[in-house]
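Below: the structure, in structure tokens.
The values are calculated or read from the model by the stated rules, or taken from the named source; none is laboratory data. Quantities reported herein were computed from a predicted structural model and do not represent experimental measurements. Here the Cβ positions follow ideal geometry from the backbone for every residue, glycine too, while neighbour counts run over all protein chains shown.
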Ligand SMILES: *Cc1c(COP(=O)(O)O)cnc(C)c1O
């Protein structure tokens, strides 16, 4: 059993970290300083979609590092253009703005909502988001994030009205011609892998169209194949006005993106928004390598099949679960107890899983996981669970 590691005295104390130091990865496996292997069922919060040290991503990054890393957005560069074109083809949203993270993508979307209102004489001061939402930690995205413990220490924040997630009729009552934008995650990731009822997103789309509000889909967690489609909105045939991406897009290299309808993109004139690093050569090379792998019907079908396989097996391992839910390889096991001891026991048994809000155990393994690796992940979780049960029984 790994000993609790002393925290580094030179790091800010804002993270409650697991007592492990990973130093190397290969495929779905992570290795710590002692060389112990862990099956990665979390992918660094749904980021490492190609797993670790994927040859195509390694090659793209290495070659780009040896060619040109960065020039800034003062200049054109062909990789950013190629990535924007590829994302446009995949999403049906013709224009892209690149940034470095999920919160920055939502921050940009928030500024687009302000511009949308401004273009209409400032007649749309309202913003809507969902209860249980998570959109990031910068002040604007935090205003859209519902969780009181994240928001309250930083008040005052820009005004946002929250509606219950998954309840289209509640949205119908809340929305009006003074709403600039509705921010919604197709599945709430941090919020507990909460899946809305079928038809919800399509109805949100209708309501936004009817009231002239922008539909901003925050696919920072659900995008790039995570749910078994390139974008989770596709499950309902919905095209948002603005689509936010980050996490999986660079496969571990930081990059975020905001994809936009032409009419929305037209609001964003030169100088109105920008970033130094956003979409630099290294990040774009990584994202292009990721898309070359993920934009593959066979891989996406495997993500769906392996998701079902995991959910079926997890329901057997955790018969006490209130729900085993999710889509593709974004999976939540809602437990009637805090999953933290189970996550710690998982590390002891060589498996990495994570939490989500509402006593949810969250799995988001690399998209390249095989069926055999799914079974191994479950076997290790079952062993962790058994050890925990045994320890509890011994303690009386
Ligand atoms: C993780 C996440 C964010 C924030 O992304 P960062 O890169 O941590 O800023 C925003 N929205 C959703 C849905 C997320 O899952």
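Summary table
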quantity	calculated
Matching residues, region 150-168, being more than 16 Å from the ligand (Cβ to nearest atom) and within 20 Å of residue 102 (Cα to Cα)	158
Single condition residue 57 does not satisfy, out of (1) farther than 23 Å from residue 302 by Cβ; (2) touching a strand residue (DSSP E or B) at 6+ places or on another chain (Cβ under 7 Å); (3) crowded, with 17+ Cβ neighbours inside 10 Å	(1)
Search result, residues across region 255-267 that are in a loop (DSSP other than H, G, I, E, B) and either at pLDDT below 95 or within 16 Å of the ligand (Cβ to nearest atom) (or both)	255
Residue in region 168-205 that is nearest to the chain's Cα centre (by Cα), counting only those that are buried (at least 20 other Cβ atoms within 10 Å of the Cβ) and at positive phi	193
Selection within region 25-49 - crowded, with 23+ Cβ neighbours inside 10 Å and more than 16 Å from the ligand (Cβ to nearest atom)	28, 30, 39, 40, 41
All positions within region 190-199 that are within 16 Å of the ligand (Cβ to nearest atom) and either under 21 Å from residue 113 (Cβ atoms) or in a loop (DSSP other than H, G, I, E, B) (or both)	190, 191, 192, 193, 195, 196
Residue that is nearest to the chain's Cα centre (by Cα) [pool: residues in region 98-141 that are surrounded by fewer than 19 Cβ atoms within 10 Å (Cβ to Cβ) and near the ligand (Cβ under 9 Å from one of its atoms)]	137
Residues being within 12 Å of the ligand (Cβ to nearest atom) and either farther than 15 Å from residue 277 by Cα or out of contact with any helix residue (DSSP H, G or I) (no Cβ under 6 Å at 6 or more places or on another chain) (or both) - total across region 234-251	6
Of the criteria (1) away from the ligand (no atom under 16 Å from the Cβ); (2) at pLDDT 95 or above, which one residue 144 fails	(1)
Flag for residue 223 being within 16 Å of the ligand (Cβ to nearest atom), in a loop (DSSP other than H, G, I, E, B), under 17 Å from residue 162 (Cβ atoms) and in contact with a strand residue (DSSP E or B) (Cβ under 6 Å, 6 or more places away or on another chain)	no
Residue that is farthest from the chain's Cα centre (by Cα), among those in region 230-254 that are surrounded by fewer than 24 Cβ atoms within 10 Å (Cβ to Cβ) and part of a helix (DSSP H, G or I)	236
Enumeration of residues in region 310-335 that are out of contact with any strand residue (DSSP E or B) (no Cβ under 7 Å at 6 or more places or on another chain) and buried (at least 16 other Cβ atoms within 10 Å of the Cβ)	313, 317, 327, 328, 329, 330
Residue list for region 144-159, filter: surrounded by fewer than 21 Cβ atoms within 10 Å (Cβ to Cβ) and in contact with a helix residue (DSSP H, G or I) (Cβ under 8 Å, 6 or more places away or on another chain)	150, 151, 154, 157, 158, 159
Checking residue 187 against (1) within 16 Å of the ligand (Cβ to nearest atom); (2) over 15 Å from residue 106 (Cα atoms); (3) without any contact (Cβ under 8 Å) to a residue 60 or more places away in the chain; (4) in contact with a strand residue (DSSP E or B) (Cβ under 9 Å, 6 or more places away or on another chain), the condition it does not meet	(3)
Of residues in region 208-220 being closer than 20 Å to residue 106 by Cβ and either within 10 Å of the ligand (Cβ to nearest atom) or surrounded by fewer than 24 Cβ atoms within 10 Å (Cβ to Cβ) (or both), the one farthest from the chain's Cα centre (by Cα)	208
Unique residue being farther than 30 Å from residue 131 by Cβ, outside any loop (DSSP other than H, G, I, E, B) and out of contact with any helix residue (DSSP H, G or I) (no Cβ under 8 Å at 6 or more places or on another chain) when the list is 292, 298, 384	298
